[in-house]
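The values are calculated or read from the model by the stated rules, or taken from the named source; none is laboratory data. In this text, all values refer to a predicted model and were calculated from it rather than measured experimentally. Note that we place each Cβ from the backbone using ideal geometry, even for glycine, and neighbour counts take in every protein chain shown.
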Amino acid sequence: MQTLSRRSALSMFGLAAAATALPAGRHAALANGPASNPEPKQGAGFYKFKIGSGASAVECYSIGDAQARIPSYPLWGENASEAEVGSLLDSYYIPKPPEPIHVHFNVLVFKVGSEVWLVDTGNGPRTPDAGGDGMLLGTLASMGISPEDVGGIIITHMHGDHIDGLLTREGAIAFPKAKFFLNKTERDFWKDNPDLSKTTLDAGWKQGMITNAQKVLGLLEKTNRLEIVGDTDEITTGVRVRKTGGHTKGHQTVEIERAGRKFVMLADAVHHYVMSFRKPEWHVKFDYDAEEGAKTRRRVLEQIASERTLVMCYHTPWPGVGQVRARDGAFDWLPVTWEW
Ligand SMILES: [Zn+2]
């Protein structure tokens with residue numbers, strides 16, 4: 001069985017120079033989880049849903065950019081114990097540490113009229129496994145969308161698994177006409193000697209994450225298409241960003257509202273479909289500030305659970321669309337059922 005090393009796993013979250021995410025369809029040798037499906041890519045590779053109805057509805061798509069198996073403890077639950085992490089995972093039929101867990105990378109695409117928008121861009125050319133690219137561009141092509149067609153890209157935060165797809169294999173910006181929307185706090189954080197002292201990642205990983213973020217930021221600035229946004233700015237009609245912080249200092253979620261219906265792309269406010277929801281207080285090493293990350297997770301989950309909002313998460317099992325309910329002082333992830 002092929003698994004990812006801890007270092008490789010971290011790299012997918014933008015924490016080292018070489019990433020080793022597994023594009024969907026290349027995990028045939030990795031069948032291990034209770035519901036894992038050893039077959040290669042199936043279907044069209046995107047899941048379509050709508051916010052609102054009629055002519056003003058926003059068409060949304062979740063594209064699975066990649067999948068990977070990564071270690072659980074102590075990336076999650078360092079402030080608990082390996083036994084507690086194992087016990088929770090086992091109760092959901094998920095392998096206990098040191099066995100890896102399954103993580104997805106879900107990119108949101110939405111259309112406002114004829115405008116095509118992305119929220120984040122996946123792992124791009126740094127989705128390795130036999131040198132493979134992430135699946136975003138190929139799936140967009142199958143939908144009839146080329147990089148030139150993308151008018152706007154909202155960047156939730158500057159971790160590699162969200163921004164490396166902005167680049168081509170040659171290191172140029174892959175979207176020649178898009179405007180890029182980044183929170184001001186996030187831009188300032190990475191630009192100016194970022195403080196990662198509140199996560200226990202080792203120094204090498206932190207430096208890899210900083211180097212990558214600064215490189216991509218520099219390239220974005222050179223395009224003159226980078227728009228720095230405030231904490232609750234409306235980006236286009238009915239589409240609003242909201243800074244949450246927690247995961248990174250200027251991490252932002254994206255809200256789409258149409259005809260009284262609200263949808264939120266939570267990005268990395270949560271990560272794993274069991275641990276983030278049942279134990280939001282568990283530290284996550286990917287959070288730049290473990291305590292702030294935990295508090296933010298609970299605050300965001302309380303809000304969406306109380307409103308029964310439809311949400312999408314970047315790292316829960318594809319398509320990553322669902323709702324959240326409160327239960328016993330914590331939460332449950334309720335994935336959508338497919339409708340057609
Ligand atoms: Zn991420």
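Suppose the filter is under 18 Å from the mean Cα position of the chain (by Cα), among the charged types (D, E, K, R) and more than 28 Å from R69 (Cβ to Cβ); does E186 pass it? Criteria met by E186.
I'd like to know if the range 130-140 contains one or more residues that are in contact (Cβ under 8 Å) with a residue 24 or more places away in the chain, crowded, with 24+ Cβ neighbours inside 10 Å and among the β-branched types (V, I, T). Checked against the condition, which is being in contact (Cβ under 8 Å) with a residue 24 or more places away in the chain, crowded, with 24+ Cβ neighbours inside 10 Å and among the β-branched types (V, I, T), the range 130-140 yields no hits at all.
Looking at the range 247-254, can you tell me whether even one residue there is on the phi < 0 side of the Ramachandran plot and more than 16 Å from the ligand (Cβ to nearest atom)? Checking the range 247-254: not a single residue is on the phi < 0 side of the Ramachandran plot and more than 16 Å from the ligand (Cβ to nearest atom).
Filtered by the rule that a residue be touching a strand residue (DSSP E or B) at 6+ places or on another chain (Cβ under 7 Å) and farther than 15 Å from L118 by Cα, the range 239-250 gives R242, K243, T244, G250. Entry remark, the range 203-230: residues being outside any helix (DSSP H, G or I) and closer than 18 Å to N123 by Cβ number 0 in total. The set of residues from the range 243-261 being β-branched (V, I, T) and under 14 Å from E292 (Cα atoms) comprises T244, T248.
G165 meets the stated requirement of being at pLDDT 95 or above, of a type outside the set (V, I, T) and within 17 Å of the chain's Cα centre (by Cα). Under the condition of being over 22 Å from the mean Cα position of the chain (by Cα) and assigned to a loop (DSSP other than H, G, I, E, B), which residue from the range 66-91 is surrounded by the most Cβ atoms within 10 Å (Cβ to Cβ)? Top of the filtered list is A80.
Specify the residue that is farthest from V216 (Cα to Cα); the eligible residues are those in the range 151-185 that are of a type in the set (S, T, N, Q) and more than 16 Å from the ligand (Cβ to nearest atom). Among them, the one singled out is T185. The numbered conditions (1) within 16 Å of the ligand (Cβ to nearest atom); (2) over 16 Å from the mean Cα position of the chain (by Cα); (3) assigned to a loop (DSSP other than H, G, I, E, B) are all true for T200 except (1).
How many residues are under 24 Å from the mean Cα position of the chain (by Cα) and among the polar types (S, T, N, Q) if we restrict to the range 50-65? Selection size over the range 50-65: 1.
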